[in-house]
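Novice: Pasting a structure here, questions to come.
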Amino acid sequence: MMYALTNALVFDGCELLNGYSVLIEDGQVSSVVPNQQVSPQISSIDLNGAVLCPGFVDLQLNGCGGVMLNGEFTAHNLEVMHNSNLRSGTTNFMPTLITTNDEEMEQAVEVSRAHQLSHGTANLGLHLEGPYLSVDKKGIHSEALIRQLNQQRLRFLLDNNDAIKKITLAPEHVKLTTISALKEAGILVSLGHTNASYQQASEAINAGVGFATHLYNAMSPMTGREPGVVGAIYDHNLFAGIIVDGHHVADANVRIAKRLLRHKLCLVTDATAAAGADISSFDFVGRKITVQDGICFGDDGTLGGSALTMIGAVKNCVQSVGLSMRDSLRMASLYPATAISRDDRFGRIKAGYSANLTAFDQDFNVTLTISDGQLTRF
């Protein structure tokens, strides 16, 4: 059945279009046409002047809606995460597993694979954030669980490349041939929780690293004589995720990153159970995380993920950082889709693209989402 989304300011991934409607049929965008070309015989949904944009794509989501991926590996938890995402405009996400033991990693792979197979395009594949990290830049990750990537575990990663689509690692502790093998297998390798030098990071990028995990956070900074990981990201124009919650990164640093990386800067939430849930604390791989004024932190004050949603990140980019609506929406949809080579299906409202769409009002309240053609109104 075909239907039309009307009375909206349409952002098609490139431009904001006034006076246009979007036609949906069989789970895909059929066309974007001037309002007067919509047949009166077609069923229509009035969006009351909302912004209609591509569904948000979150490449780093530890949890939301009161649950985490770590701790209880069930299809139910992934479904809670997906439904919570829809309320904040996210139609596609990478469930993210924090540093844990091998047994739990294997459980997460199996649960995420089953969820992928039964939920269309919503689950983009598992993101392993660790355990092959730098103890010096561990952040909230458990030092006791951080370890070297041996040949046996590398084989496990490569053999499960249908389910594992991204891995965050510290390149100073991983062989360059390993990075190349992961890339060759179709797994996006991301710099993160790393104390690498500029030279080490550059060599890793040349070997196949294609992304950077939460830019500025848990990585060696750029200084006058040692550019560090941050300098390598800028110098090599690497895709990078950034957490725009007002706590992880200063607004000025977001603007600098956007100016330098342009279409390669992607919004991520790094969200935890606190996102989209009214809770004061939660368990983070055995550590109690307190939630206060939208900040998630451990007993030593270390940030433990965020309570951020993607619509919240877009709002912060526009209202606090001062970026344009166009740029902010692209950072939440088209750019992350491009980073994982899925921009042929996501990130645009265009004929033939998946019907993954989000509508929100002038106060950045999500009023409608469409995920693989399935419409939900709020």
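The values are calculated or read from the model by the stated rules, or taken from the named source; none is laboratory data. Quick caveat, the model's predicted, so the values are computed rather than measured. Note: ideal-geometry Cβ built from the backbone for every residue, glycine included; neighbour counts use all protein chains shown.
Novice: Which condition number does Ser197 fail, the rest of (1) over 25 Å from Gln107 (Cα atoms); (2) of a type in the set (Gly, Ala, Ser); (3) buried (at least 19 other Cβ atoms within 10 Å of the Cβ) being met?
Specialist: (3)
Novice: Can you tell me which residue is farthest from Thr100 (Cα to Cα) among those in the range 162-208 that are small (Gly, Ala, Ser) and out of contact with any strand residue (DSSP E or B) (no Cβ under 7 Å at 6 or more places or on another chain)? Walk me through it before giving the result.
Specialist: So the first thing to find is which residues in the range 162-208 are small (Gly, Ala, Ser), and the list is 163, 170, 180-181, 185-186, 190, 192, 196-197, 201-202, 204, 207-208.
Next, from what is left, pick out any that are out of contact with any strand residue (DSSP E or B) (no Cβ under 7 Å at 6 or more places or on another chain): 180-181, 185-186, 196-197, 202, 207.
On the way: Ser180: 24, Ala181: 22, Ala185: 23, Gly186: 23, Ala196: 22, Ser197: 26, Ser202: 28, Ala207: 26 Å.
Per the criteria, the residue is Ser202.
Novice: A follow-up question, please. Can you tell which of Leu303, Leu261, Leu265 is of a type outside the set (S, T, N, Q) and free of Cβ contacts under 8 Å to residues at least 40 places away in the same chain?
Specialist: Working: Leu303 fails: free of Cβ contacts under 8 Å to residues at least 40 places away in the same chain; Leu265 fails: free of Cβ contacts under 8 Å to residues at least 40 places away in the same chain.
One residue alone meets the criteria, Leu261.
Novice: Across the range 229-264, what is the total count of residues that are in a helix (DSSP H, G or I) and within 17 Å of Ser306 (Cα to Cα)?
Specialist: 2
Novice: For the range 265-285, name all the residues that are among the charged types (D, E, K, R) and assigned to a loop (DSSP other than H, G, I, E, B). Talk me through it step by step, then tell me what you get.
Specialist: Pass one, the range 265-285, residues among the charged types (D, E, K, R): 270, 278, 283.
If the condition is that a residue be among the charged types (D, E, K, R) and assigned to a loop (DSSP other than H, G, I, E, B), then Asp270, Asp278 are the ones that fit.
Novice: Something else now. Quick one: which strands (runs of 3 or more DSSP E) lie wholly within the range 1-95 and hold at least 2 residues that are under 13 Å from Ile349 (Cβ atoms) and of a type outside the set (D, E, K, R)?
Specialist: Values: elements: 2-11, 16-25, 28-34, 43-54, 56-61.
Passing ranges, in order: 2-11, 16-25, 28-34, 43-54.
Novice: Go through (1) surrounded by fewer than 20 Cβ atoms within 10 Å (Cβ to Cβ); (2) outside the structural domain of Gly139 (by TED's automatic domain parsing) and name the single condition Ala75 misses.
Specialist: Failed condition: (2).
Novice: Still on this structure, I have one more. Determine whether the range 150-161 contains at least one residue that is surrounded by fewer than 20 Cβ atoms within 10 Å (Cβ to Cβ), within 20 Å of the chain's Cα centre (by Cα) and closer than 16 Å to Leu97 by Cα.
Specialist: Yes, the conditions are met somewhere in the range 150-161.
Novice: Next up: Go through the range 79-115 and count every residue that is under 21 Å from Thr213 (Cβ atoms) and of a type in the set (A, V, I, L, M, F, W, C).
Specialist: Residues meeting the conditions: 8.
Novice: Is there a residue being buried (at least 20 other Cβ atoms within 10 Å of the Cβ) and more than 19 Å from Pro95 (Cα to Cα) anywhere in the range 266-288?
Specialist: So in the range 266-288, the residues buried (at least 20 other Cβ atoms within 10 Å of the Cβ) come out as 266-276, 282, 284-285.
Add one more test, that the residue is more than 19 Å from Pro95 (Cα to Cα), and what stays is none.
No, the conditions are met nowhere in the range 266-288.
Novice: While we're on this one: Just to check your reading of the model, which residue among Thr121, Thr91 is surrounded by fewer than 21 Cβ atoms within 10 Å (Cβ to Cβ) and either closer than 18 Å to Cys64 by Cα or not aromatic (Phe, Trp, Tyr) (or both)? Before the answer, list the steps.
Specialist: On the way: Thr91 fails: surrounded by fewer than 21 Cβ atoms within 10 Å (Cβ to Cβ).
Matching residue, one of Thr121, Thr91: Thr121.
Novice: Separate question: So is Ser43 over 22 Å from Gly13 (Cβ atoms), outside the structural domain of Asn150 (by TED's automatic domain parsing), touching a residue at least 24 places away in the same chain (Cβ under 8 Å) and not hydrophobic (A, V, I, L, M, F, W, C) or not? Before you say what the answer is, go through the steps one by one.
Specialist: Numbers: over 22 Å from Gly13 (Cβ atoms): yes; outside the structural domain of Asn150 (by TED's automatic domain parsing): yes; touching a residue at least 24 places away in the same chain (Cβ under 8 Å): yes; not hydrophobic (A, V, I, L, M, F, W, C): yes.
Here the answer is yes, as Ser43 does meet what is asked.
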